[in-house]
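J.: The structure under discussion is supplied below as structure tokens; questions concerning it will follow.
The values are calculated or read from the model by the stated rules, or taken from the named source; none is laboratory data. All values reported here derive from a predicted model rather than from experimental measurement. All Cβ positions, glycine included, derive from the backbone under ideal geometry; neighbour counts span all protein chains shown. With ligands, DNA and RNA removed, areas are computed over all heavy atoms of the protein, side chains included. Shrake-Rupley method; radii C 1.70, N 1.55, O 1.52, S 1.80 Å.
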Amino acid sequence: TQLLEQSPQFLSIQEGENLTVYCNSSSVFSSLQWYRQEPGEGPVLLVTVVTGGEVKKLKRLTFQFGDARKDSSLHITAAQPGDTGLYLCAGAGGTSYGKLTFGQGTILTVHP
Amino acid sequence: DTAVSQTPKYLVTQMGNDKSIKCEQNLGHDTMYWYKQDSKKFLKIMFSYNNKELIINETVPNRFSPKSPDKAHLNLHINSLELGDSAVYFCASSQGYAGANYGYTFGSGTRLTVV
């Protein structure tokens, strides 16, 4: 079974700070996806990274896929209260063929 | 609006009852899923269907029976509900089967509470 270890589990920071969330596995994935979930709602896709070493930017969010396609990171610059939520990484492919395997999630709270 | 919609949003029921959750997507996606999110927010796949065919059944008790009347609908019926079934259940869909490069679109969830 492919596992995704996500860290940290909880992150509480002040507005304006930078942060990084990590998603690690011993297995290779075809792609890594990042989702954000708000209370009472389903996860919403932020980005999919496919190529080893790939970097994608979404405004203040930077996503990176490791060269070996076993890990990924999400970096947020100058966090804002609106970034508060649950961030989930999910891997596809390999023995996760036909489904997404999710990490445990990171609960981010950004204080004004 | 194009979306994945699931009903009901909240479900409170007694142990031993039978209940159903309905899901519909109007995105034209080929594959639909049921995921269970536990109290620690961990999302685990239960089932996936591709064009009405069951593809994944992930070691789920047979009290849980999915049904897909067509590729736009995937319902979940649960028999003899137990306390441990309390969780949030999410329906999702994706274009294509493997989902490797296809993001999932999730419904807003059904919070099931068994008392």
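J.: Write down the radius of gyration of chain B and its Dmax, each obtained from C-alpha positions, in Å.
T.: Cα radius of gyration and Dmax of chain B are 13.3, 40 Å respectively.
J.: Less than 13 Å Cβ to Cβ from B:Glu58, Lys/Arg counted +1 and Asp/Glu -1: what total charge do the surrounding residues give?
T.: +3
J.: Please sort by residue number the trypsin sites (Lys or Arg not before Pro) in region A:47-100 whose DSSP state is loop and whose Cβ has at most 14 other Cβ atoms within 10 Å.
T.: Details: sites: A:Lys56, A:Lys57, A:Lys59, A:Arg60, A:Arg69, A:Lys70, A:Lys99; in loops: A:Lys59, A:Arg60, A:Arg69, A:Lys70.
Taking region A:47-100 and a limit of 14 other Cβ atoms within 10 Å, the loop trypsin sites (Lys or Arg not before Pro) found are A:Lys59, A:Arg60.
J.: Excluding B:Leu11 itself, what net charge comes from residues whose Cβ is under 13 Å from its Cβ, given Lys and Arg +1 and Asp and Glu -1?
T.: +2
J.: Per-residue Cβ counts within 10 Å, from other chains only, averaged over A:36-44: what number is that?
T.: Per residue, the average neighbour count from other chains is 5.
J.: In square angstrom, what is the accessible area per residue of chain A with a 1.4 angstrom probe? Walk me through the numbers on the way to the answer.
T.: Working: 5110 Å² over 112 residues.
On a per-residue basis, chain A sits at 46 Å².
J.: Mind checking how much accessible area A and B bury in total, 1.4 Å probe, in Å² rounded to 100?
T.: Heavy-atom accessible area buried at this interface is about 1700 Å².
J.: Further, regarding this structure: Assigning unit charges at the beta carbon (Lys, Arg +1; Asp, Glu -1) and nothing else, what dipole magnitude in debye, to the nearest 20, does chain A show about its Cα centre?
T.: So the magnitude is around 300 debye.
J.: Return the carbon/sulfur percentage of the accessible area of the protein assembly as shown, one whole number, probe 1.4 Å, all protein chains in place.
T.: Carbon and sulfur: 50 percent of the exposed surface of the protein assembly as shown.
J.: Take the residue pairs B:Lys44/B:Lys67; B:Lys9/B:Lys67; B:Lys41/B:Lys67; A:Lys59/A:Lys99; B:Lys9/B:Lys40; A:Lys99/B:Lys41 and return only those whose Cα atoms are more than 23 Å apart.
T.: B:Lys41/B:Lys67; A:Lys59/A:Lys99
J.: Counting only protein heavy atoms, probe 1.4 Å: which residues of region B:34-53 lose 10 Å² or more of accessible surface in the full assembly compared with their chain by itself?
T.: B:Tyr35, B:Gln37, B:Lys40, B:Lys41, B:Phe42, B:Leu43, B:Ile45
J.: Counting only other residues whose beta carbon sits under 15 Å from that of A:Val55, what net charge do I get with K and R as +1, D and E as -1?
T.: Once positives and negatives cancel, what remains is +2.
J.: How many Å² of accessible area per residue for chain B, probe 1.4 Å?
T.: 48 Å²
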